[in-house]
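Peer 1: Dropping a structure here in structure tokens format, bear with me for questions.
The values are calculated or read from the model by the stated rules, or taken from the named source; none is laboratory data. If you're wondering where the values come from, they're calculated on a predicted model, not measured in any experiment. All Cβ positions, glycine included, derive from the backbone under ideal geometry; neighbour counts span all protein chains shown. Heavy atoms of the whole protein, side chains included, go into the accessibility calculation; ligands, DNA and RNA do not. Shrake-Rupley method; radii C 1.70, N 1.55, O 1.52, S 1.80 Å.
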Amino acid sequence: MKKLLLLTVVLGLAASCFAADDEDNKAADRVKSASTILEEIQAAPDTGIPDEVMGSAECVAVVPSMLKAGFVFGARYGRGVASCRTAKGWSDPAFFTVQGGSFGLQIGGQAVDLIMLIMNQRGMENLLNSKFKLGADASVAAGPVGRHAAADTDWQMRAQILSYSRARGIFAGLELNGAVIKMDRESTREFYGRMQPFSTTLTTVSSPNGSFPFLQSLAKWAKLTGNK
């Protein structure tokens, strides 16, 4: 009970930090940050997400500066943006939160950039439901890293979702079991001026104001491969 209570407090503090920061970090800024993260990671010559993996993803979700905090066990909280492939191109940006605890030897706090690739139709259906738990509702695994890593791994069979993180300049696959992803209603209203279902956003291509940087980066770095 003490551990659960402490975890709740940590998550609450993390959420409070992000809520305070949101006064300056608007939904449109989050879209721009997501684009910047993709550009910086994929532009690195020897690291980043393999082209074949990126080109096989059904959806791409990015969380700029997800907060990790904890002592002995930790907590995670972040706000992100996602887009899915459609017959007409990448969908409008959909806003979500990711939150959850993880047990392990963790001391101190750290902000990381998080990227999640939804690799198949079942994973995409989980995302369209607007709320699911990684590792329970959808399998998740650390993704392969490096321009030529795809040929030497079994990434196609590993999980519905492949996850990556960047912290202090280091980019690597990330284990993210136990985190809960759900629709960010506040950011949706802020960006679109109204509430709309998560599934509607992720299947609509209307290119609203502010979406261009993220959608352009996806079109550039997540080109369809022969596996699709």
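Peer 1: Please go through the stretch 170-201 and pick out each residue that is without any contact (Cβ under 8 Å) to a residue 12 or more places away in the chain and assigned to a loop (DSSP other than H, G, I, E, B).
Peer 2: Gly193, Arg194, Met195, Gln196
Peer 1: Continuing with this model, one more query. Select from the stretch 150-179 the residues that are on the phi > 0 side of the Ramachandran plot and at pLDDT 75 or above and write down the one among them that is least open to solvent (accessible area, probe 1.4 Å). Please lay out each step first, then the result.
Peer 2: Filtering the stretch 150-179 down to residues on the phi > 0 side of the Ramachandran plot leaves 168-169, 178.
Now restrict to residues that are at pLDDT 75 or above: 169, 178.
Values: Gly169: 68, Gly178: 24 Å².
Looking at the filtered set, the residue picked out is Gly178.
Peer 1: Let me ask something else. Any residue that is at pLDDT 90 or above, in contact with an Asp or Glu (Cβ under 7 Å, 6 or more places away or on another chain) and open to solvent by less than 30 Å² (accessible area, probe 1.4 Å) - is there at least one of those in the stretch 189-197?
Peer 2: No, the stretch 189-197 contains no residue that is at pLDDT 90 or above, in contact with an Asp or Glu (Cβ under 7 Å, 6 or more places away or on another chain) and open to solvent by less than 30 Å² (accessible area, probe 1.4 Å).
Peer 1: Checking the structure you have, find out if any residue of the stretch 69-79 is modelled with pLDDT under 90 and open to solvent by 40 Å² or more (accessible area, probe 1.4 Å).
Peer 2: Here is the first cut: in the stretch 69-79, the ones modelled with pLDDT under 90 are 69-78.
Of the ones still in play, those that are also open to solvent by 40 Å² or more (accessible area, probe 1.4 Å) are 71-72.
Yes, the stretch 69-79 contains at least one residue that is modelled with pLDDT under 90 and open to solvent by 40 Å² or more (accessible area, probe 1.4 Å).
Peer 1: Also, quick follow-up: Give the residue, chosen from Asp46, Asp29, that is open to solvent by 10 Å² or more (accessible area, probe 1.4 Å), in a helix (DSSP H, G or I), modelled with pLDDT of 50 or more and among the acidic types (Asp, Glu).
Peer 2: Values: Asp46 fails: in a helix (DSSP H, G or I).
Testing whether each residue is open to solvent by 10 Å² or more (accessible area, probe 1.4 Å), in a helix (DSSP H, G or I), modelled with pLDDT of 50 or more and among the acidic types (Asp, Glu) leaves just Asp29.
Peer 1: Would you mind stating whether Arg147 is open to solvent by 20 Å² or more (accessible area, probe 1.4 Å), touching a helix residue (DSSP H, G or I) at 6+ places or on another chain (Cβ under 8 Å) and modelled with pLDDT under 85? Talk me through it step by step, then tell me what you get.
Peer 2: Details: open to solvent by 20 Å² or more (accessible area, probe 1.4 Å): yes; touching a helix residue (DSSP H, G or I) at 6+ places or on another chain (Cβ under 8 Å): yes; modelled with pLDDT under 85: yes.
Criteria met by Arg147.
Peer 1: Same structure, new question: Quick one: Thr204 ticks every box in (1) surrounded by 13 or more Cβ atoms within 10 Å (Cβ to Cβ); (2) outside any loop (DSSP other than H, G, I, E, B) except a single one, so which number is it?
Peer 2: Of (1) surrounded by 13 or more Cβ atoms within 10 Å (Cβ to Cβ); (2) outside any loop (DSSP other than H, G, I, E, B), only one is false for Thr204: (2).
Peer 1: Among the residues of the stretch 215-225, is any surrounded by 14 or more Cβ atoms within 10 Å (Cβ to Cβ), modelled with pLDDT under 95 and more than 20 Å from Asp113 (Cβ to Cβ)? Outline the logic, then answer.
Peer 2: Our first condition is that a residue be surrounded by 14 or more Cβ atoms within 10 Å (Cβ to Cβ); within the stretch 215-225, this holds for 215-218, 221-222, 225.
Now narrow it down to the ones that are modelled with pLDDT under 95: 221-222, 225.
Now restrict to residues that are more than 20 Å from Asp113 (Cβ to Cβ): 225.
Scanning the stretch 215-225 turns up at least one residue that is surrounded by 14 or more Cβ atoms within 10 Å (Cβ to Cβ), modelled with pLDDT under 95 and more than 20 Å from Asp113 (Cβ to Cβ).
Peer 1: Quick one: is Glu52 over 12 Å from the mean Cα position of the chain (by Cα) and modelled with pLDDT of 85 or more? Don't jump to the end; show me each part of the working.
Peer 2: Numbers: over 12 Å from the mean Cα position of the chain (by Cα): yes; modelled with pLDDT of 85 or more: yes.
It is true that Glu52 is over 12 Å from the mean Cα position of the chain (by Cα) and modelled with pLDDT of 85 or more.
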